[in-house]
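Trainee: Dropping the structure in here first, questions after.
Read-outs: derived from the displayed coordinates by stated rules, not from any lab. Just so it is clear, the structure is predicted and the values come from calculations on it, not from any experiment. Glycine gets a Cβ as well: all are built from the backbone with ideal geometry, and neighbour counts include every protein chain shown.
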Amino acid sequence: MDNLSLEINALERALLTMDQSQAESIVIGAMTKGTPIQIASELVSGTLQRIGDSWETGNLALSQVYMSGIICEEVIDKILPPSNPLRKNQPKMAIAVFEDYHLLGKRILYSTLRASGFELIDLGGGLSTDQLVEIVKNEKIKILLLSVLMLPSALRIKELKLNLLDTDVKIIVGGAPFRFDTELWKEVGADGMGKDSSDAIEIVTKLMEEKS
Amino acid sequence: MTSMERVLTTLSHKEPDRVPLFLLATMHGAKELGMSIKEYFSKGENVAEGQIRINLKYNTDCYYPFFYAPLETEAFGGEVIYTEDGPPNSGRPLITDIQKINSLTAPKVKDSEVLLKVLKSIQILKKHSKDKIPIIGVVMSPFSLPVLQLGFEKYLDIMHFRKDLFNHLMKVNQEFCIDWANAQIEAGATAITYFDPVSSSTIIPRKLYLETGFQIAVHTIAQIKGSTATHFASGNCLPIADLLPQTGTAVVAVSTEEDISKVKEAFKNKLTVLGNMNGIEMRRWTPEQTDKIVKDLIQKAAPGGGFILSDNHGEIPFQVSDEVLFAVSEAVHKYGTYPIIKS
């Protein structure tokens, strides 16, 4: 596949000015250089990772990361609809907010992953340990992405992990408590931690490769 | 010096006898009183007693009768969820259909049971403090409250695409915020913390802040009849450091993710800096680590005054041990006596 660095620069500019039609033109224009899944995983994902990295370094704000993800998700849905067999939907992956209703982090990650060509189940917010254990076992979820805002919820992931030891699910965590205490994810027994959506794409890509 | 004199001196960018300590332990009072968190916050009397005990136990320089973040949304009719080991949290957003913003009205302070509990705690503390210990009231800014009223996604959507709804919501929230802040001042609060995390550069870019949160802060703070401290609740603020003094605030509470030396330099002789111990990490600190961290913060930020030691979120986690809180207090007394000696 041809180098997409010019398109990545252009797409980043379009997203940061919230120009959805320009973003769509850039993505459609790039389709001559690769398949829809390649465009999603290299152009769109590459751009969103760069935007995520800029948030991590304090050069962009969360609202810009959020709006960029939403725009890209809509654009990619047009060239790669949810039912498209090319979408990376195996092993089965789900995302949830553990114990509370602060949904923004989950929404950003959900959009970013879908815009990068992944398909995953959105379990919503306010889920308890018991609910998550039941869903993971019944749905045979293999990768569970958990977004958390409050420290007590983060600490209770340890209990969730213990209740899922008889499964092979991998738990990847993210959210403010894990950003401010970078050792916390290990303490609660998570299998990985993403500081931002860029990190999460890398972790999920690696896990998908390992598990498929 | 009394705590009040110490704080007022540092606010005027002069060196007091030692660095003031604002130990913003909102839930530890429940432990002191042997109560659950839910029971503790059920009465203003409990919170006042909890704050008095925290102040005495750790030799702090303020009373901080902050209950919990979703207090204001509770006054609007929202749900609050209690846990045994953390701050009461907001439930599902109060407004699910954004069109209902048009019919939203502000609650009256005098009719709100939950707000009256806070006023009760301030009144008790006022009587107890005899004006020697500052009492720090709290409001959620009109610009940040919608995260709890609508949820963050919907709020960002209306902020970007539905200016009509955004403007109406700001009008309602601003009217409420000013009334609520002034009711606390009237009850005896010395100053008001203006919690405004959405304005932080972690959440919105500078350009959007200039068009939104900045304008709202300028107009709201001007109508609060007391000093304010702007708190970004762990969010960054250096990219808007030049704008913050223009909002009329006197203090800025900064994130642990920002270099305290750069922060102090940016606000020198303009705003007093409050911060910036990492509250989340504090749960794992040893007394030795605590000593080192507090010493480092003081040596970098305290010279010249204009500095108050505190955590970076405005709410120390319930899991932080008494041992660590004692170590913070001891280190402030050990290293925070002016003139600051660097070693």
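Trainee: Taking only pairs six or more apart or across chains, which ones have beta-carbon atoms under 8 Å, a first residue in the stretch B:154-171 that is facing chain A (nearest Cβ under 9 Å) and farther than 17 Å from B:Tyr209 by Cβ, and a second residue that is hydrophobic (A, V, I, L, M, F, W, C) and part of a helix (DSSP H, G or I)?
Mentor: B:Asp157/B:Ile98
Trainee: Another question about this same structure. Quick check on this structure: which one of B:Ala327, B:Ala331 is more than 13 Å from B:Ala25 (Cα to Cα) and in contact with a Phe, Trp or Tyr (Cβ under 8 Å, 6 or more places away or on another chain)? So that I can check it myself, show each step before the final result.
Mentor: Values: B:Ala331 fails: in contact with a Phe, Trp or Tyr (Cβ under 8 Å, 6 or more places away or on another chain).
Residue meeting the stated conditions: B:Ala327.
Trainee: Still on this structure, please answer the following. Inside the stretch A:122-150, can you point out the residues that are over 13 Å from A:Ile171 (Cα atoms), in a helix (DSSP H, G or I) and aliphatic (A, V, I, L, M)?
Mentor: Hit for the stretch A:122-150 is A:Ile135, nothing else.
Trainee: I've got another one for you. Looking at the stretch B:179-187, is at least one residue of a type outside the set (D, E, K, R) and in contact with a Pro (Cβ under 7 Å, 6 or more places away or on another chain)?
Mentor: Applying the first criterion (of a type outside the set (D, E, K, R)) to the stretch B:179-187 yields B:180-185, B:187.
Of the ones still in play, those that are also in contact with a Pro (Cβ under 7 Å, 6 or more places away or on another chain) are none.
Within the stretch B:179-187, none of the residues are of a type outside the set (D, E, K, R) and in contact with a Pro (Cβ under 7 Å, 6 or more places away or on another chain).
Per-residue answers, yes or no, for (1) buried (at least 16 other Cβ atoms within 10 Å of the Cβ); (2) hydrophobic (A, V, I, L, M, F, W, C); (3) in a helix (DSSP H, G or I):
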site	(1), (2), (3)
B:Ile101	yes, yes, yes
B:Ile124	yes, yes, yes
B:His128	yes, no, yes
B:Met159	yes, yes, yes
B:Asp164	no, no, yes
B:Met170	yes, yes, yes
B:Asn173	yes, no, yes
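Trainee: Output the residue which, of all residues in the stretch B:175-204 that are in a loop (DSSP other than H, G, I, E, B) and within 14 Å of B:Leu244 (Cα to Cα), is nearest to the other protein chains (Cβ to nearest Cβ).
Mentor: As a first pass, look at the stretch B:175-204 and keep what is in a loop (DSSP other than H, G, I, E, B): B:188-190, B:196, B:200-204.
Pick out the ones that are also within 14 Å of B:Leu244 (Cα to Cα) and you get B:196, B:200-201.
Working: B:Asp196: 14, B:Ser200: 8, B:Ser201: 6 Å.
Restricting to residues being in a loop (DSSP other than H, G, I, E, B) and within 14 Å of B:Leu244 (Cα to Cα), the top hit is B:Ser201.
Trainee: State whether one or more residues within the stretch A:69-79 are away from every other protein chain (no Cβ under 14 Å) and among the small types (Gly, Ala, Ser). Working first, answer last.
Mentor: Narrowing the stretch A:69-79 to residues away from every other protein chain (no Cβ under 14 Å): A:72, A:75-79.
This time we only want the ones that are among the small types (Gly, Ala, Ser), so: none.
Within the stretch A:69-79, not a single residue is away from every other protein chain (no Cβ under 14 Å) and among the small types (Gly, Ala, Ser).
Trainee: Having 2 or more residues that are touching a residue at least 24 places away in the same chain (Cβ under 8 Å) and within 14 Å of chain A (Cβ to nearest Cβ) is the bar; report the helices (runs of 4 or more DSSP H) wholly within the stretch B:232-343 that clear it.
Mentor: Where helices (runs of 4 or more DSSP H) fall fully within the stretch B:232-343 and carry at least 2 residues being touching a residue at least 24 places away in the same chain (Cβ under 8 Å) and within 14 Å of chain A (Cβ to nearest Cβ), they are B:260-267, B:279-282.
Trainee: I'm checking my understanding of the structure. Among residues of the stretch B:212-227 that are closer than 20 Å to B:Lys171 by Cβ and of a type in the set (S, T, N, Q), which one is farthest from the other protein chains (Cβ to nearest Cβ)?
Mentor: If we take residues in the stretch B:212-227 being closer than 20 Å to B:Lys171 by Cβ and of a type in the set (S, T, N, Q), then B:Gln223 is farthest from the other protein chains (Cβ to nearest Cβ).
Trainee: Now for a separate question. Taking the stated definitions as given, is A:Ile157 more than 9 Å from every other protein chain (Cβ to nearest Cβ), among the β-branched types (Val, Ile, Thr) and in a loop (DSSP other than H, G, I, E, B)? Walk me through it before giving the result.
Mentor: Working: more than 9 Å from every other protein chain (Cβ to nearest Cβ): yes; among the β-branched types (Val, Ile, Thr): yes; in a loop (DSSP other than H, G, I, E, B): no.
No; evaluated as a whole, the condition is false for this residue.
Trainee: Output yes when any residue across the stretch A:156-173 is over 20 Å from the mean Cα position of the chain (by Cα), touching a residue at least 40 places away in the same chain (Cβ under 8 Å) and closer than 22 Å to A:Asp130 by Cα, and no when none is.
Mentor: yes
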